[in-house]
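Structure, as structure tokens:
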Amino acid sequence: MRALSEQHKGVWVFSENKDLMLELLGKGKELAENLKTELAAILLGHNVKDKATELFGYGANKVYLIDNPLLEKPLAEPYVSALTNLANQYKPDILLVGSTRKGKELASRTATRLETGCVPDCTYLSIDANKRLLMGRVVYGGNAVATHFCRTKPQIATVPQRVFEKPLYKERKGEVVKFDVKLEEPKTEIVDVKKIEAAKVKIEEAKTVVAGGRGLDKKEDFAILDELAKILGGQVAYTRPLCEDRKWFTDWVGLSGHYIKPALYIGCGISGVIQHVAGIRDSQIIVAINKDPEAPIFEIADYKIVGDLYEIIPALAEALKRHLKK
Amino acid sequence: MTNSSQEHHYFLRRLTETLNFVSSRKQWIKIMFDGDLQTVKIIVCVKQALDVTQIKADPATRQLITVDAKRKISDFDKNAIEEALRIKEKQGAEVTALTVSAEDAKMILREALAMGADKAYMISDPAFEGSDTFVTSYILAGAVKKIGEFDLILCGEASVDSYSAQVGPRLAERLGISQITYARKLGIEGSTLTVERTLEDSIETIRAKTPALVTVTAEINTPRIPSLMAIMKASKKEIVTWTAQDIGISKETVGKTGSAIQVTEVLAPKVERKRILIKGETAAEIAEELAKALIKEGVVGR
């Protein structure tokens with residue numbers, strides 16, 4: 001394993017997801033200022049040079065660019081070799097990678113090749129008195145938050161979407177560092193990509209989320225939740241058992257699914273197992289509706305209603321409609 | 001025709017039929033006599049995880065109480081075992097379960113054997129205590145190299161207790177093989193793998209050559225529950241147990257000393273919620289109260 005060295009400098013950010021990249025620039029800037037160092041964005045792809053301007057506008061001092069046809073498709077081998085070669089050449093102190101499914105495997109492989117540590121899905125990042133990166137993440141199925149630091153460099157963390165704010169855009173200039181290196185050929189081949197029908201608004205971006213759980217008897221019953229969500233201008237979300245056990249839907253809110261922090265979360269017929277709670281805990285206001293007064297979700301709720309969701313939800317929809325004059 | 005020529009003719013016909021049969025069943029007969037060549041060798045990595053539903057926290061100190069929490073096979077690792085068994089039943093495979101643990105983890109290997117795994121390896125050493133994913137993947141790679149040849153390594157997408165999803169890709173990197181994560185469907189034909197993987201907004205179909213490592217999601221199958229008979233049989237099967245030394249790993253490179261990541265604290269999250277119970281005689285009354293409260297909070301209406 002590599003020893004810590006003073007040679008490593010600078011905060012780097014990378015994500016193949018543009019929104020996430022910008023959010024990383026926001027947090028990265030804060031860390032870089034704290035360390036009195038520069039912030040660099042890693043730009044990998046083919047014919048992507050033009051994208052550098054925007055990255056400067058969101059706070060990058062520098063953009064390291066590898067432009068190569070092998071980077072057109074996001075496959076592990078060329079991307080891992082691009083990142084590791086860059087890191088070996090320019091020795092960053094910190095590397096933040098967007099925690100998408102592709103980003104996570106990229107970060108894990110890159111960390112292994114660089115013989116360093118990686119803390120995935122960080123929801124807390126700061127610099128300690130020893131100028132180390134402190135990385136906090138949820139562990140034990142949402143039961144705890146663990147804080148880590150990395151004894152080796154670069155210190156790598158992956159960061160989920162919507163944890164940190166996208167910074168403000170300002171016309172700015174920066175330096176583009178072009179890097180040419182022979183990349184590894186991919187060992188896998190993408191044969192087909194099917195888009196999953198996504199909701200019009202991403203669940204992470206919804207200001208209001210009405211979530212349904214096992215308390216709903218039939219898939220069709222979600223109509224009453226849809227109605228409430230419509231009145232509130234929000235989105236409907238689901239728990240994992242509805243997706244995996246009952247196969248009604250495909251993606252869920254919770255530790256292994258989407259992490260959300262809306263202004264208002266209304267949990268309907270959701271018991272509140274810790275894995276689900278981990279995905280909603282940072283919501284501003286939590287309302288829980290459940291028949292069972294002992295349901296654990298009440299522990300983390302601001303407003304608790306012990307009752308039948310089939311009666312409460314339509315009544316709530318009516319009341320809100322009246323108040324909001326719709 | 002004489003009697004003997006009739007017999008001769010009959011013999012020839014039988015011979016031709018037999019030869020035709022053999023030729024049409026070549027693949028099948030080859031498997032019978034030459035099983036090893038046809039068998040896919042699968043290693044399934046399993047983790048003895050904490051049952052996170054049984055973890056409690058001291059409300060005053062926010063410290064976790066894990067001593068009473070049960071240990072179990074990490075959920076998605078069961079999906080990995082099941083997928084290996086389905087390949088075995090469809091086209092023949094040798095399924096090896098492998099675990100790395102600081103404590104005794106024979107229990108989860110017994111479960112893997114009861115489900116139908118052929119072999120089980122436990123790499124266990126007190127020196128492993130506190131290993132991060134950097135080290136765990138290193139130990140697993142050492143064990144895989146000692147076990148020998150393989151076509152496919154299957155892992156769960158992540159473990160239920162730490163949920164890092166790193167060990168699979170890190171192991172693939174250490175072995176220098178390709179990896180496909182988050183598989184929802186898996187097919188293997190000769191040395192070609194075709195895998196459907198679930199991403200945030202799409203389903204990707206990937207083709208790769210063996211040897212490869214695939215991590216599976218719960219979507220891929222429903223793990224079988226072994227019968228009582230199978231559980232009893234499994235209790236008699238051998239579990240190969242190796243220490244760090246047995247796989248040529250020095251103690252300084254594992255555990256807390258070998259790990260890149262150090263943990264400074266683990267605390268239960270703070271809960272600061274209002275916990276206001278809204279009561280009423282009717283649903284309409286409750287709804288009215290709640291609607292007013294939400295408007296006051298400024299979280300409804302624009």
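In the set A:TYR79, A:TYR58, only one residue is farther than 30 Å from B:TYR182 by Cα and touching a helix residue (DSSP H, G or I) at 6+ places or on another chain (Cβ under 7 Å); that residue is A:TYR58.
In the range B:106-120, the residues that are touching a residue at least 60 places away in the same chain (Cβ under 8 Å) and basic (Lys, Arg) form Cβ pairs under 9 Å with partners that are surrounded by fewer than 21 Cβ atoms within 10 Å (Cβ to Cβ) and part of a loop (DSSP other than H, G, I, E, B), at six or more places apart or across chains, as follows: B:LYS106/B:ILE239; B:ARG110/B:SER235; B:ARG110/B:LYS237; B:ARG110/B:ILE239; B:LYS119/B:LYS237; B:LYS119/B:GLU238; B:LYS119/B:ILE239. Figure legend. Inter-residue proximity from the range A:44-59: first residues closer than 20 Å to A:ASN85 by Cβ and assigned by TED's automatic domain parsing to the domain that holds A:GLU30, second residues part of a helix (DSSP H, G or I) and of a type in the set (Lys, Arg), beta-carbon distance below 8 Å, spacing 6+ or different chains. Indicated pairs: A:GLY45/A:LYS51. Scanning the range B:262-297 for residues being facing chain A (nearest Cβ under 8 Å) and either of a type in the set (Gly, Ala, Ser) or within 30 Å of B:GLY130 (Cβ to Cβ) (or both) gives a total of 14.
Yes/no per residue for (1) of a type in the set (Asp, Glu); (2) in the same structural domain as A:SER256 (by TED's automatic domain parsing); (3) surrounded by fewer than 23 Cβ atoms within 10 Å (Cβ to Cβ):
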{"site": "A:THR123", "(1), (2), (3)": "no, no, yes"}
{"site": "A:LEU133", "(1), (2), (3)": "no, no, no"}
{"site": "A:PHE149", "(1), (2), (3)": "no, no, yes"}
{"site": "A:THR152", "(1), (2), (3)": "no, no, yes"}
{"site": "A:ILE156", "(1), (2), (3)": "no, no, no"}
{"site": "A:PRO167", "(1), (2), (3)": "no, no, yes"}
{"site": "A:GLU185", "(1), (2), (3)": "yes, no, yes"}
{"site": "A:LYS207", "(1), (2), (3)": "no, yes, yes"}
{"site": "A:ARG214", "(1), (2), (3)": "no, yes, yes"}
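For the range B:150-182, filtering for residues that are among the hydrophobic types (A, V, I, L, M, F, W, C), without any contact (Cβ under 8 Å) to a residue 40 or more places away in the chain and either assigned to a helix (DSSP H, G or I) or more than 8 Å from chain A (Cβ to nearest Cβ) (or both) leaves 1.
Being part of a helix (DSSP H, G or I) and either among the acidic types (Asp, Glu) or at pLDDT 95 or above (or both) is true of B:LEU113. One residue stands out among those in the range B:17-71 that are within 14 Å of another protein chain (Cβ to nearest Cβ), in a helix (DSSP H, G or I) and farther than 22 Å from B:ILE81 by Cα: the one that is modelled with the lowest pLDDT, which is B:THR53.
Restricted to the range A:1-102, the set of helices (runs of 4 or more DSSP H) holding at least 2 residues that are under 17 Å from A:PRO154 (Cα atoms) comprises A:18-34, A:76-90.
For the range A:64-86, a residue qualifies if it is surrounded by fewer than 23 Cβ atoms within 10 Å (Cβ to Cβ) and either of a type outside the set (S, T, N, Q) or in contact with a Lys or Arg (Cβ under 6 Å, 6 or more places away or on another chain) (or both), and the qualifying residues are A:LEU65, A:ASP67, A:PRO69, A:LEU70, A:LEU71, A:GLU72, A:LYS73, A:PRO74, A:LEU75, A:GLU77, A:PRO78, A:THR84.
When the residues of the range B:186-232 are filtered to those that are part of a helix (DSSP H, G or I) and either within 19 Å of A:GLU244 (Cα to Cα) or in contact with a Pro (Cβ under 9 Å, 6 or more places away or on another chain) (or both), the one that is nearest to the other protein chains (Cβ to nearest Cβ) is B:ALA218.
The values are calculated or read from the model by the stated rules, or taken from the named source; none is laboratory data. Computed from a prediction, not measured in an experiment: that's the story for all the values here. Quick reminder, even Gly has a Cβ in these numbers, built from the backbone with ideal geometry, and neighbours come from all protein chains shown.
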